[in-house]
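Single-structure report; data block below.
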Amino acid sequence: MADATSVLNVSPVIPVVTLDDPQHAVPVAQALADGGIRIIELTLRTESALTSLKLIANEVPDILMGAGTILTPGQADAAVAAGAQFLVSPGVTPGLLDHMLSLDVPVLPGVATVGEVMAVLESGLDTMKFFPAGPAGGPAYLAAIGAPIPNVQFCPTGGISLATAPEYLKLPNVSCVGGSWLTPRSAVERGDWAQITALARKAAGVSVR
C-alpha cells in the first residue's frame, strides 16, 4: 500500500482542475508550477481528461500528477496507465477501494460521514479526502471528527475558497485543502496563464493565522 502522506504535504492547497481542451493542459500545469504549486488533482469529468493527464505527466515533470473523480476500477487503471501518481475518489465502495489499493499509488478515498471514515480506516488507510467539505459540515464537522478519531488526516474539498481555506488548515487533522478556484474556467478559456500563476502564488502562501 502506497503512503498518501507525502501527497498531502506537497502544498497547503491542491488545485482541483477540470479541463475540456487538452491544449490547455500543459500551460495550466506550468502556470500553477510557476506560482509555486507543484501538485494537481485533474478530474476525470471530461472525455479528454486522460489525454490532458498524460500530457502533463510527460511534459511538466515538476508537477505531482493526480487523477480525481475516480468512480470505477477501470478509471483507476486508465489513470495510472496515463501517468497518474495518485488517485482521488469523491466517495468510495469496498470494491473500488480494494482495487485502488492494489495499484501501488497513493490513494485519497472520499468520505463524508464518521462511518465512512471508520470503514476506510479498516482498510489500513489514515489519509482521506473529505467531500463535499462545505455542504457536509465544514471545519466544525472535521473538528468534531478529530475528537474521537484523531489519527486520520484529511484533504477537505468542495466549496472551499482562498478566504475559507485557513479555517480548515488550522485544524490538526487537516493537512491541506483542495480547491478549484486556482484555475477559473474563464481564465483557462482565454489563456490567461498569468492570472492562474497569481492565484497559485496566493494559494501557496496561504496562512492559518
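Here, each number is a calculation from the coordinates, and none is a lab measurement. Fair warning: this is a prediction, and the values are worked out from it, not measured in the lab. Cβ coordinates were reconstructed from backbone atoms using ideal geometry, including for glycine residues, and neighbour counts include every protein chain displayed.
The table for this structure:
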| read-out | value |
| --- | --- |
| Among ALA81, ALA25, ALA136, residue whose mean-square fluctuation peaks in a GNM of the chain (springs only between Cα atoms under 10 Å) | ALA81 |
| Computed E for ASN58/ALA147 - FRET, C-beta separation, R0 45 angstrom, nearest 0.05 | 0.50 |
| Student exercise, the chain dipole from Lys, Arg, Asp, Glu Cβ charges, in Debye to nearest 20 | 620 debye |
| Candidates PRO90, PRO156, PRO148, ranked by Gaussian network fluctuation over the chain, Cα under 10 Å, top entry | PRO148 |
| Length added when fully stretched, VAL114-ASP126, from 0.36 nm per residue minus Cα-Cα | 3.0 nm |
| Sorted by Cβ neighbour density within 10 Å, fewest at the top, the residues ILE149, ILE40, ILE63 | ILE149, ILE63, ILE40 |
| Whichever lysines have a C-alpha closer than 25 Å to that of LYS170, once near sequence neighbours (fewer than 8 apart) are set aside | LYS129, LYS202 |
| Taking CYS176, CYS155 and counting other C-beta atoms within 10 Å, the order from fewest to most | CYS176, CYS155 |
| Which of PHE86, PHE130 has the fewest Cβ neighbours within 10 Å, and the rest in rising order | PHE86, PHE130 |
